[in-house]
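Chemist: Structure incoming, see below.
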Amino acid sequence: MTDAGFVVATDQAGEFLGGFSAPWAKDSAGKAIPTRYEVHGTKLIQKVEHRRAGVQYPVVSDPWLGVDLYHRPWWNSRNGGWTVNVTPTAWGVTFSNATTWWAHRDEVRSKMGADSWRWTDSIEQQFYCHIAGLPLSLPEYNLESWRPAWNWLRMARYNCNYPEGGWGSIWR
């Protein structure tokens, strides 16, 4: 479980399997009902505190399970190098806390298959910068092999695309 209230599901080797968005519950009047997750071994249980004064039935609770953080990545040749293009799913945008960036990276590299060799330190830093820039960095990240391998905090000033800037000019 994360501090933000969502749950990361991994296998025994620590590989990302999916995640559950933060829990919610509402009564028939639309009033929010206190709720939380509890993890017991391999079981995820949502506790809804519906037995309180003023709750109108029925109570609705529908946590969202997400699996894919990204659609299939693709690449193209450009400027004597290549651009790896990735588009996050709605779950990838929602589930973008820095503590989960490893799952984002691992999923994209896995989906690249035989082209995963194109993933470089520079591309990884750009990738993290774009995740940190959500939602401004939508709809897709264009990760370019010829960019310098700067840490993403340094790259944020250039909207992840040094030197000409990328998804706007909020940092300049």
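Chemist: Expressed as a rounded percentage, what relative contact order does the chain have, with Cα pairs under 8 Å and six or more residues apart?
Modeler: Taking the mean separation of contacting Cα pairs over the length of the chain, I get 15 percent.
Chemist: I've got another one for you. What aspartates and glutamates sit close enough to residue 111 to cross-link, taking a C-alpha to C-alpha distance under 17 Å and skipping anything fewer than 8 places away on the same chain?
Modeler: 15, 68, 124, 140
Chemist: Next up: Taking θ as phi - 60°, what are the ³J(HN,Hα) couplings along the stretch 6-18 by the Karplus curve (6.51, -1.76, 1.60), each to the nearest whole Hz, with x for Gly and Pro?
Modeler: The phi angles translate into 8, 10, 9, 9, 10, 7, 5, 8, x, 6, 5, 10, x Hz.
Chemist: How large is ³J(HN,Hα) for each residue in the stretch 46-61, as worked out from phi by the Karplus curve 6.51 cos²θ - 1.76 cosθ + 1.60 (θ = phi - 60°), to whole Hz, x for Gly and Pro?
Modeler: 9, 9, 10, 8, 8, 8, 9, 4, x, 6, 9, 8, x, 9, 10, 9
Chemist: Next question. I want the local charge near residue 122. Using Cβ-Cβ distances under 15 Å, sum +1 for each Lys or Arg and -1 for each Asp or Glu among the other residues. Don't skip to the answer; put the middle values down first.
Modeler: Details: positive: 78, 105, 109, 118, 147, 154; negative: 121, 124, 144.
Combined, the nearby Lys, Arg, Asp and Glu give +3.
Chemist: Carbon and sulfur atoms: what percent of the 1.4 Å accessible area of the stretch 43-172 do they account for?
Modeler: 53
Chemist: Between residue 9 and residues 5 or more places away or on another chain, which pairs have amide H atoms under 5 Å apart, with H built 1.01 Å from N, and which residues are they?
Modeler: So residue 9 has HN proximity to 17, 18, 19, 20.
Chemist: Let me ask something else about it. Please list log₁₀ I(q)/I(0) at q = 0.19 Å⁻¹ for the chain, using the Debye equation with identical point scatterers on the alpha-carbon positions.
Modeler: Log10 of I(q)/I(0), two decimals: -1.16.
Chemist: For 147, 36, give me the order by solvent-accessible area with a 1.4 Å probe, most accessible first, ignoring ligands, DNA and RNA.
Modeler: 36, 147
Chemist: Next question, about the same structure. Arrange the residues 83, 99, 42 by how much accessible surface each exposes, largest first, with a 1.4 angstrom probe. Walk me through the numbers before you get to the answer.
Modeler: Numbers: 83 5, 99 90, 42 145 Å².
Solvent-accessible surface, decreasing: 42, 99, 83.
Chemist: For the stretch 78-128, would you read off the P(r) tail past 16 Å as a percentage of all alpha carbon pairs?
Modeler: Percentage above 16 Å: 41.
Chemist: Averaged per residue, what accessible surface does the chain expose to a 1.4 Å probe, in Å²?
Modeler: 56
The values are calculated or read from the model by the stated rules, or taken from the named source; none is laboratory data. Treat the numbers as computed from the prediction; the structure is a model and nothing was measured. Here the Cβ is made from the backbone with ideal geometry for all residues, glycine too, and neighbour counts use every protein chain on show. The accessibility values were calculated without ligands, DNA or RNA, using every heavy atom of the protein model including side chains. Shrake-Rupley method; radii C 1.70, N 1.55, O 1.52, S 1.80 Å.
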